[in-house]
Amino acid sequence: MKLSRIEQETIVLYNEAESTAEVFTYDQKLLHKLERLTTKYPGQITRTGERQFIVPKACVLIREPYSEERRAAARKRALEAGYTPPAKRDTGQ
């Protein structure tokens, strides 16, 4: 059975007692990133299921959103440095 887009969730679970978090996801981009990280850091990030991983809690981060001023300043610095953003890939969606 195919899940709808709204049913394709990402769930991050952690508690105060442990130093790790459990990540369950249907997000293909996040899945590929976690798979790559399990290879790069096998002692820290492990796969426990088809879509499930254990990661250090330090990897779970919620940041303040960028203000428009901060975005404009970053854009200006990038242009001055000659940075060209990568072309967007076609995800087929």
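Taking Pro86, is it part of a loop (DSSP other than H, G, I, E, B) and either in contact with an Asp or Glu (Cβ under 6 Å, 6 or more places away or on another chain) or farther than 27 Å from Arg5 by Cβ (or both)? Spelling it out, it is not the case that Pro86 is part of a loop (DSSP other than H, G, I, E, B) and either in contact with an Asp or Glu (Cβ under 6 Å, 6 or more places away or on another chain) or farther than 27 Å from Arg5 by Cβ (or both). Under 26 Å from Gln8 (Cα atoms), at pLDDT 95 or above and assigned to a loop (DSSP other than H, G, I, E, B), is that true of Gln93? No. The C-beta contact set for the range 1-26 (first residue part of a loop (DSSP other than H, G, I, E, B), second residue hydroxyl-bearing (Ser, Thr, Tyr) and surrounded by 10 or more Cβ atoms within 10 Å (Cβ to Cβ), distance under 6 angstrom, 6+ apart or interchain) comprises Gln8/Tyr26. Scanning the range 24-31 for residues that are of a type in the set (Asp, Glu) and surrounded by 14 or more Cβ atoms within 10 Å (Cβ to Cβ) turns up at least one hit. Scanning the range 1-23 for residues that are of a type in the set (A, V, I, L, M), under 18 Å from Ala58 (Cα atoms) and exposed (fewer than 13 other Cβ atoms within 10 Å of the Cβ) yields Ile11, Leu13, Ala17.
Please go through the range 44-72 and pick out each residue that is surrounded by 13 or more Cβ atoms within 10 Å (Cβ to Cβ), touching a residue at least 24 places away in the same chain (Cβ under 8 Å), in a loop (DSSP other than H, G, I, E, B) and over 13 Å from the mean Cα position of the chain (by Cα). Passing the criteria: only Arg51.
The values are calculated or read from the model by the stated rules, or taken from the named source; none is laboratory data. Note that the structure is predicted; figures quoted are calculated from it, not measured. As a convention, Cβ positions derive from the backbone with ideal geometry for all residues, glycine included, and neighbour counts pool all protein chains shown.
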